[in-house]
Number of protein chains: 2
Amino acid sequence: MTDRIAIGVDLGGTKIRVAAVTSKGEIIGSPVNIETEAHREKEIVENNIFRSIKEVLEREKLATKEILGIGIGSPGPLDLKTGTILNAPNLLSLNQYPLKKQVAERFSTPVFVENDGNCFALGEARFGCGKGASIVVGLTLGTGLGCGIVMDGKVYHGATGTAAEIWKTPYQEKRFEEIVSGKGVAEIYERKKAIKIDAKQVLERAVKGEVAALESWKEFGFHLGNVLAFIINLLDPDIIVLGGSISKAFNYFKENMETTFRMNVNPLPADHVKIKRSLLGSDAGLLGAAALCF
Amino acid sequence: MTDRIAIGVDLGGTKIRVAAVTSKGEIIGSPVNIETEAHREKEIVENNIFRSIKEVLEREKLATKEILGIGIGSPGPLDLKTGTILNAPNLLSLNQYPLKKQVAERFSTPVFVENDGNCFALGEARFGCGKGASIVVGLTLGTGLGCGIVMDGKVYHGATGTAAEIWKTPYQEKRFEEIVSGKGVAEIYERKKAIKIDAKQVLERAVKGEVAALESWKEFGFHLGNVLAFIINLLDPDIIVLGGSISKAFNYFKENMETTFRMNVNPLPADHVKIKRSLLGSDAGLLGAAALCF
């Protein structure tokens, strides 16, 4: 039984979220959450990573030789061959940090490192609303715009391991990420009301029925619809799963998102593709990370 | 020896181009070209298809039982399961025409039907400048914008057979195809000089050194660069091959195309991906079509 357990680590710029996961995608106990303290020096961030893994192993009384390994989803860019973090904007003190090597040495177990967007997509493909689908795209709508592609249960990496890094794509004199993200919706709102608030607050105001906030989410839905059209036209996936903090506003941007992508996609794929909210929520990343070991 | 020969058919809106092809991608003799006469009734267009195939078989003294089959690249949209042409704008009289069934019945040999953009990409991947590459994207720049994706020597179809139909993607208040196409460059030129000429003439004027024509191709290069960025960011391919009549202007749009996609793509894939002009030229489509049989 214990040989079918892996540790999944969702390494974020704010939090590290870790759990022991069975090969069926069940989390044992509940995930451990530790602050990343990404602004502090390398040794402290590294120790936070080690500490979070150690806590799960000790709590669940797992010896590292009893687990399949440790899977880690990390912000990119990464060198996937060596499992090294390159100049990740959210983890600056871990610039050029050999994550895979260091964790493997510390815990004497196989370690797998993957881009966080890919882990989200893999988690949803294996255990979430992409289960049974052949081509799954995951989009994480948060501070930035993450993306991952899973084909037949495996992460699609492309030629250099950078497939699905769509955030940088030119869009309306800007880039996808500047518009289809928390920052983007905050800017849309600011243009309407000349007030700087964050995406979470724009959602709160929409829930209260404020017109400018409701309109902002509609406009966001239009832009997201264009991003979906771009993905569907090139990849023709079975399902696109939306995660990240911004996906909480789903009901407020859904209608415009749907209308827009349908206008810009052929009827056959438009009728086939499912656009769903993440089923696994904040666990998708660590479940996908654990799935790297199975 | 003869069991390694297939017939490749490039069925276009203007011409039908057919040849016998060896499994090494060698054309036996030279291709037969026949006018499609797409504006005429179904029976005439059908007869032109039959006639062009018959001519190659007779000229090369091939019995249909000696060949592997007939591969046909056709304008889309297609129903790939049945090999039926749906409402293809360039072949209106063949609306709902069961191409695969009709050709198979006429010649009593296996018939394979595929989207023309995919055939172009497959031809270049198997026998052209994509040889040896794992992820190949083909772009045909002509009246419209065609695209095909080949992964590990096979056409990537997506979930509904419509992958790579990027022409419809929203771009600058229009669609990719309206800007990155012959029509697009003609419009760019018209905005500069208030004269309506076609893309071929814009190229002729650029060759003569006319400033407005040279500037038009540079602007075209900028837009094409954005399309490349979109493809590279999502798919991270090894190579993108440019074909179609507009690719003849390669030297006039190349520089701006390069600068633009490099600005909008991460350094790793930007340095890895090759952007090449088609090596097979007007034979790429029929070679890819023949390759469907191998």
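The values are calculated or read from the model by the stated rules, or taken from the named source; none is laboratory data. What you see is a predicted model, and the numbers here were worked out from it, not measured in a lab. Because the Cβ atoms are built from the backbone with ideal geometry, glycine has one as well, and the counts that use them run over all protein chains shown. All accessible areas refer to the heavy atoms of the entire protein, side chains included, with ligands and DNA or RNA removed. Shrake-Rupley method; radii C 1.70, N 1.55, O 1.52, S 1.80 Å.
Points worth noting:
- Test: B:N251 is within 14 Å of chain A (Cβ to nearest Cβ) and of a type outside the set (D, E, K, R): no
- Failed criterion for B:F120 (all others in (1) open to solvent by 70 Å² or more (accessible area, probe 1.4 Å); (2) touching a residue at least 60 places away in the same chain (Cβ under 8 Å) hold): (1)
Each row is one residue, and each column tells you yes or no for (1) open to solvent by 50 Å² or more (accessible area, probe 1.4 Å); (2) touching a residue at least 24 places away in the same chain (Cβ under 8 Å); (3) not in a helix (DSSP H, G or I).
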{"residue": "A:R40", "(1), (2), (3)": "yes, yes, yes"}
{"residue": "A:N48", "(1), (2), (3)": "no, yes, no"}
{"residue": "A:K65", "(1), (2), (3)": "yes, yes, no"}
{"residue": "A:G73", "(1), (2), (3)": "no, yes, yes"}
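So that you can scan it fast, the table gives a plain yes or no per residue for (1) over 24 Å from B:G244 (Cβ atoms); (2) among the basic types (K, R):
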site	(1), (2)
B:R4	yes, yes
B:S23	yes, no
B:V32	no, no
B:E46	yes, no
B:I67	yes, no
B:L92	no, no
B:Q96	yes, no
B:V103	yes, no
B:R106	yes, yes
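- B:E215 being surrounded by fewer than 23 Cβ atoms within 10 Å (Cβ to Cβ), touching a helix residue (DSSP H, G or I) at 6+ places or on another chain (Cβ under 7 Å) and either touching a residue at least 24 places away in the same chain (Cβ under 8 Å) or within 14 Å of chain A (Cβ to nearest Cβ) (or both): no
- Pick from the stretch A:145-158, criterion crowded, with 21+ Cβ neighbours inside 10 Å and not in a strand (DSSP E or B), ranking: farthest from the other protein chains (Cβ to nearest Cβ): A:Y156
- Contact annotation: residue pairs with Cβ atoms under 8 Å, 6 or more positions apart or on different chains, pairing a residue in the stretch B:162-187 that is at the interface with chain A (Cβ under 9 Å from one of its Cβ atoms) and closer than 13 Å to B:F220 by Cα with a partner that is among the hydroxyl-bearing types (S, T, Y) and open to solvent by less than 20 Å² (accessible area, probe 1.4 Å), are B:F176/B:T169.
- Applying the condition of being crowded, with 24+ Cβ neighbours inside 10 Å and aromatic (F, W, Y) to the stretch A:218-230 and asking which residue is nearest to the other protein chains (Cβ to nearest Cβ) yields A:F230.
- Residue in the stretch A:256-268 that is modelled with pLDDT under 95 and within 20 Å of the chain's Cα centre (by Cα) present: no
- Top-ranked residue of the stretch B:159-168 - restricted to ones that are of a type in the set (V, I, T) and under 24 Å from B:E178 (Cα atoms), ranked as most open to solvent (accessible area, probe 1.4 Å): B:T162
- Single residue of A:K196, A:K192, A:K174, A:K200 found to be under 19 Å from A:G243 (Cβ atoms), of a type in the set (K, R) and open to solvent by 40 Å² or more (accessible area, probe 1.4 Å): A:K200
- The stretch B:266-294: number of residues that are buried (at least 21 other Cβ atoms within 10 Å of the Cβ), outside any helix (DSSP H, G or I) and away from every other protein chain (no Cβ under 14 Å): 4
- As a summary of the residue check, B:P89 satisfies the conditions (1) touching a Leu at 6+ places or on another chain (Cβ under 8 Å); (2) in a loop (DSSP other than H, G, I, E, B); (3) of a type outside the set (A, V, I, L, M, F, W, C) except for the one numbered (1).
- Scan of the stretch A:16-53 for residues that are within 21 Å of A:F107 (Cα to Cα) and among the charged types (D, E, K, R), ordered by number: A:R17, A:E35, A:K42, A:E43, A:E46, A:R51
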